[in-house]
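Undergrad: Below are the structure tokens for one structure; questions will follow.
The values are calculated or read from the model by the stated rules, or taken from the named source; none is laboratory data. Computed from a predicted model, the values in this text were never measured in an experiment. In this analysis, Cβ positions are derived from the backbone assuming ideal geometry, glycine residues included, and neighbour counts consider all displayed protein chains.
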Amino acid sequence: MFYDLHCHTGGISRCCKAPYDKIIDMAKEYGYEGMVITNHFTEVDLNEFGEEKFVEMYIEEYNKCRAYGEKVGINVLFGAEITVSYNIDVHLVIYGVTPQFLRDNPRLPLLSQKEIYEACHKYGCLLINAHPFRLGMTIQDVNYLDGVEVNCHAKFGDCHEKELTQFAKDHGLALTCGCDYHADTRKPTGGTYLPDNILTNTDLVNYLKTSDTFHIKVDDPVTLEVYEVVAKTRM
Ligand SMILES: [Zn+2]
Ligand SMILES: [Zn+2]
């Protein structure tokens with residue numbers, strides 16, 4: 001099954017230019033069979049709405065996505081993209097998110113990478129460094145990462161596929177790919193191929209944790225080439 005493992009919806013991610021139903025329709029139109037909603041989860045949101053309210057808004061947006069996905073025939077899973085400030089902004093994508101995980105850990109954007117990683121593992125989630133080589137960002141401590149992401153956001157230039165594939169191999173990490181679609185760039189085409197039996201959040205986590213090989217489709221924002229990579233990253 002072909003998934004977009006990184007996308008946003010306008011109800012939570014204010015930088016996203018379209019509501020959830022348009023985003024899901026677009027994914028369906030462009031051949032995705034599944035997607036993980038990874039809306040922004042930031043300190044600014046927590047301060048603006050209050051922790052409890054923001055977490056409930058966040059869960060509600062996902063529930064709407066999931067229900068709409070069921071209606072139109074696309075499998076929608078629950079993720080998150082946490083913005084943390086460690087001298088520079090760092091974006092960390094979490095897979096396997098549950099309402100309980102967020103309700104018990106509303107202050108994720110204020111935690112260290114190690115604390116986020118430990119919270120994720122306690123709740124059966126995985127931590128992925130989103131677009132680590134994007135301008136102004138750096139890759140985080142590999143001791144507290146489950147994977148790295150090739151990100152095809154059309155506004156940010158090089159997706160660094162080659163360096164990230166090598167990095168995942170060097171460190172035995174999962175390699176993921178997502179479009180980071182915000183409805184303000186050309187249509188999404190990149191993503192990750194998953195086996196047909198990956199249907200739930202738990203399936204996705206188990207697959208990313210244990211698979212030794214990852215199959216991604218890169219939509220290179222610079223060359224505009226679309227190509228596939230099959231990378232064995234674990235011995
Ligand atoms: Zn990001
Ligand atoms: Zn994003």
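Undergrad: Which one of the conditions (1) part of a loop (DSSP other than H, G, I, E, B); (2) modelled with pLDDT of 95 or more does Ala183 fail to meet, given that it meets all the rest?
TA: All conditions are met except number (2).
Undergrad: Here's something else I'd like to know. May I ask you to verify whether Val55 is over 21 Å from Thr176 (Cα atoms), among the aliphatic types (A, V, I, L, M), assigned to a helix (DSSP H, G or I) and within 16 Å of ligand 1 (Cβ to nearest atom)? Write out each step before concluding.
TA: On the way: over 21 Å from Thr176 (Cα atoms): yes; among the aliphatic types (A, V, I, L, M): yes; assigned to a helix (DSSP H, G or I): yes; within 16 Å of ligand 1 (Cβ to nearest atom): no.
Criteria not met by Val55.
Undergrad: Pairs please, first residue from the range 89-107 and within 12 Å of ligand 1 (Cβ to nearest atom), second anywhere and hydroxyl-bearing (Ser, Thr, Tyr), Cβ atoms under 7 Å, 6+ apart in sequence or on different chains.
TA: Asp89/Thr83; His91/Thr83; Val93/Thr38
Undergrad: Look through Asp141, Asp146 and report the one residue that is of a type in the set (D, E, K, R), buried (at least 18 other Cβ atoms within 10 Å of the Cβ) and touching a residue at least 24 places away in the same chain (Cβ under 8 Å).
TA: Asp146
Undergrad: Does Leu77 qualify as being of a type in the set (A, V, I, L, M) and over 25 Å from Ile216 (Cα atoms)?
TA: Working: of a type in the set (A, V, I, L, M): yes; over 25 Å from Ile216 (Cα atoms): no.
Against the criterion (of a type in the set (A, V, I, L, M) and over 25 Å from Ile216 (Cα atoms)), Leu77 does not qualify.
Undergrad: Can you find, within the range 27-47, the residue that is nearest to Asn201 (Cα to Cα) among those that are more than 16 Å from ligand 1 (Cβ to nearest atom) and surrounded by fewer than 18 Cβ atoms within 10 Å (Cβ to Cβ)?
TA: Of everything passing the filter in the range 27-47, Glu33 is nearest to Asn201 (Cα to Cα).
Undergrad: If you go through the range 168-223, how many residues are within 16 Å of ligand 1 (Cβ to nearest atom), crowded, with 17+ Cβ neighbours inside 10 Å, β-branched (Val, Ile, Thr) and over 14 Å from the mean Cα position of the chain (by Cα)?
TA: Of the residues in that region, 0 qualify.
Undergrad: Identify, by number, the condition in (1) at pLDDT 95 or above; (2) under 16 Å from the mean Cα position of the chain (by Cα); (3) of a type outside the set (A, V, I, L, M, F, W, C) that Thr165 doesn't meet.
TA: (2)
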